[in-house]
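Here the structure is laid out as structure tokens; the discussion comes afterwards.
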Amino acid sequence: MKSALLKTAIITCCALTATGADAQHSDHKAAADSTGMESKEHGLKEIRIVSKTPTRRLSGAVNGVSIGRQELFKAACCNLGESFTTNPSVDVSYNDAATGAKQIKLLGLSGTYVQMLTENLPNYRGAAAPYALGYVPGPWMKNISVSKGSASVKNGYESITGQINIDFLKPEDEDGMEVNLFGDTKSRIEANVTGNIHLNKRLSTVLLTHMENSFDNHDGNGDGFYDQPKVRQYHVDNRWQWAGDSYIFHGGVSGLKERRLGGQLDHGVHATHTALPLYNITLQTDRGEGYMKHAFILNREHGTNLALLASASLHETEADYGLKHLYINQKNAYASLVFETNFTSVHNLSTGLSLNHDYVSENFSEQHPSIFGYGNATEASPSLLGAVGTTKETVPGAYAQYTFTPGHHFTAMVGLRADHSNIYGTFLTPRFHVKYMPNSIFSMRLSAGKGYRTVHALAENNYLLAGGRTLIIDKLKQEEAWNYGISTAINVPIGSKLLKINAEYYYTRFGEQAVTDYDSDPHSIHIGNLDGKSYSHTLQVDASYPVFEGFTLTAAYRLNEVKSTYGGVLRTKPLTNRYKGLVTASYKTPLGLWQVDATLQLNGGGRMPMPYINEDGTPSWNTTFPAFEQLGAQVTRWFRHWSVYVGGENLTAFRQKNPIVCAAEPWSKNFDPTMVWGPVHGAMFYAGVRINIGKSIN
């Protein structure tokens, strides 16, 4: 126990005294490191102290957690969307039951208010947002950092409820190759192969490859529609590093190709109008990315560094929803120049310039169902009303961030950035964070900050075209919101072990917001500007305790109150759980050969959008949805250079009975696959193997 406490103390001290000022990861961190690059001192042997804790609290002024590979290995974790199964803070749910689009929720709000970062570069915005959780393979990830609240100003102004930064496997990691093979009972197979090569002591590279294929149809509830779309994806990423004494380069390119096929399985079995064709949904996505980072270490003693970061992406999606066709072309270019220095061990300054350019082109067309002999085609034909065309936005900006750390007990960070959009003009983003830790038992954080976001409503919500409702999009303003938070962490000694308790409260208040209104008209979806109040309150408490050697128990409970104004009425946001409970248990045998993990989730009920009235006088759906439980478990057997795992998801087999409204009439205005509040499929079992060739076991 003393050894474990000593290691924890050393790790904490190292995090608190390291140079630089990346508040997302530690109080002090060099600018070169904040870009995702690690400097190397040649001629010295590297000494690494690795914590056995798979999930740890971020040590800086910003509240959040860092999820390591050991935590990711506790579940199937085939992609980013499946990486938060054991995390009490982040929820992942379906947006609709026809396309398989998923979203995360943080602090009770949609994932669009979370700034997504890869290697500290903004990514997966706009058109990529609906399916981005499936674009990041789990075996590629080395670490996920979840920062809650307004976060740092370094990475831009778009963080409102938090940031999620994904660190991939690094070129400088150990030489060798990793293979991960996976298959489940829903006919999904995956293969991931990653390999590192150190060409010499300065130059290294890593190649990441991914393939997945869902090759069979499943219709567990018998409504004639796929429970999940068939997905075929190929993804390749190549990253490089050159590490000199005072200069470090990181760069890479990646390419993704994905095809999704959803919709009806059998023609005429469930459809009333047999003359109509199958209602098919297909999405073809092609995406390419490139990035580079240059870090210049100017003064090691004072942590003075200069870094230039740049990235670019091209995202194309061609989608067919029945007779509706949508083509989205988004191009993004981003650059940032960062300077950091420590005047003393107490005072740190980070300043920088940034430039972001977005080009988004949206083209929509629609055929009329009457060409197939549908008698009520004029009344039933869905359509899109609103902004379709091309948007070009260029935003240059500058920021300054000051961190004051007089000792290990106190840290204060204040940041301000100014940006100018050619569409929305000039706006300021202030953010403030403070951490007070009087002793090793208690710590407290306070935060306040503002965030802004440009909305590309059709690109970000194109899955809404899968239904029969008319989609109406107004000319939207830039979203803006304030976020305030307070959190505490308490370590309570119980016997020879520590009970770790965390409690946090966050309040988000919108000044401007793009509100998706399902309520005012049950046959249309209206995305318009906020006219009234919109806010969220989130309160969460979680606790973790190592019951005995190798066995850790974690429990969490969260309350959400999320409200917005719909049609002039302040209502609870629909399809949002009022609360969430989570219990995780993890046991690893003394020799580390076997590991058993289980997670039980209790998802609270909530409000449904206002229903329409059927011809027989009954409502189309209930006005509320019930609470439900989900259980997941996995058993892993570790060997020297490989491991095998088997597990299951949704072992309670709970499933929403009718996730697709009016599935028998997909060409009518009543057809709606977006009324999803629970799992769309029953229990699923899986198995996989991880093989390390030339590498030590993780």
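The values are calculated or read from the model by the stated rules, or taken from the named source; none is laboratory data. None of the values given here were measured: they were computed from a predicted structure. FYI the Cβ positions are ideal-geometry reconstructions off the backbone, even for glycines, and counts take in every protein chain you see. Note: accessible area is taken over every heavy atom of the protein model, side chains too, but ligands, DNA and RNA are not part of it. Shrake-Rupley method; radii C 1.70, N 1.55, O 1.52, S 1.80 Å.
Annotations
- Being surrounded by fewer than 17 Cβ atoms within 10 Å (Cβ to Cβ) and under 25 Å from the mean Cα position of the chain (by Cα) holds for only one residue in Y505, Y463, Y452, Y518, and it is Y505.
- Condition met for A129 (closer than 30 Å to R431 by Cα, within 10 Å of the chain's Cα centre (by Cα) and either touching a residue at least 12 places away in the same chain (Cβ under 8 Å) or not in a loop (DSSP other than H, G, I, E, B) (or both)): yes
- Criterion (surrounded by fewer than 20 Cβ atoms within 10 Å (Cβ to Cβ) and at pLDDT below 95) met by exactly one of T470, T394: T470
- When G495 is tested against (1) open to solvent by 60 Å² or more (accessible area, probe 1.4 Å); (2) under 30 Å from I441 (Cβ atoms); (3) touching a residue at least 12 places away in the same chain (Cβ under 8 Å), only condition (3) is not met.
- Across the range 73-91, the qualifying residues are those that are within 13 Å of L582 (Cβ to Cβ) and assigned to a strand (DSSP E or B), and the one among them that is least open to solvent (accessible area, probe 1.4 Å) is V90.
- Of all residues making up the range 543-602, the number that are of a type in the set (G, A, S) and within 30 Å of P522 (Cβ to Cβ): 3
- Residue list for the range 92-110, filter: part of a strand (DSSP E or B) and open to solvent by less than 30 Å² (accessible area, probe 1.4 Å): I104, K105, L106, L109, S110
- Here E549 fulfils each of the conditions (1) in contact (Cβ under 8 Å) with a residue 24 or more places away in the chain; (2) within 25 Å of the chain's Cα centre (by Cα) apart from (2).
- Only residues that are buried (at least 18 other Cβ atoms within 10 Å of the Cβ) and either in contact with a Ser or Thr (Cβ under 6 Å, 6 or more places away or on another chain) or under 23 Å from G255 (Cα atoms) (or both) were counted in the range 166-187, giving 10.
- Evaluation of I486 against the conditions (1) within 13 Å of Y566 (Cβ to Cβ); (2) part of a strand (DSSP E or B); (3) without any contact (Cβ under 8 Å) to a residue 60 or more places away in the chain shows that the sole unmet condition is (1).
- Here H420 fulfils each of the conditions (1) open to solvent by 30 Å² or more (accessible area, probe 1.4 Å); (2) over 25 Å from L337 (Cα atoms) apart from (2).
- Of all residues assigned to the range 425-437, at least one qualifies as being of a type in the set (S, T, Y) and without any contact (Cβ under 8 Å) to a residue 12 or more places away in the chain.
- Taken across the range 396-403, residues that are within 24 Å of K500 (Cβ to Cβ), outside any helix (DSSP H, G or I) and either touching a His at 6+ places or on another chain (Cβ under 8 Å) or aliphatic (A, V, I, L, M) (or both) do not occur at all.
- Test result for S147, among the polar types (S, T, N, Q) and part of a loop (DSSP other than H, G, I, E, B): no
Yes/no matrix, rows are residues, columns are (1) among the polar types (S, T, N, Q); (2) modelled with pLDDT under 95; (3) open to solvent by 50 Å² or more (accessible area, probe 1.4 Å); (4) not in a strand (DSSP E or B):
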{"site": "I189", "(1), (2), (3), (4)": "no, no, yes, no"}
{"site": "H235", "(1), (2), (3), (4)": "no, no, no, no"}
{"site": "F249", "(1), (2), (3), (4)": "no, no, yes, no"}
{"site": "K257", "(1), (2), (3), (4)": "no, no, yes, no"}
{"site": "G263", "(1), (2), (3), (4)": "no, yes, no, no"}
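- Every residue from the range 317-341 that is part of a strand (DSSP E or B), farther than 23 Å from V455 by Cα and open to solvent by 20 Å² or more (accessible area, probe 1.4 Å): L337, F339
- Lone qualifier among D223, D227 - being assigned to a loop (DSSP other than H, G, I, E, B), of a type in the set (D, E), at pLDDT below 95 and over 29 Å from G688 (Cβ atoms): D223
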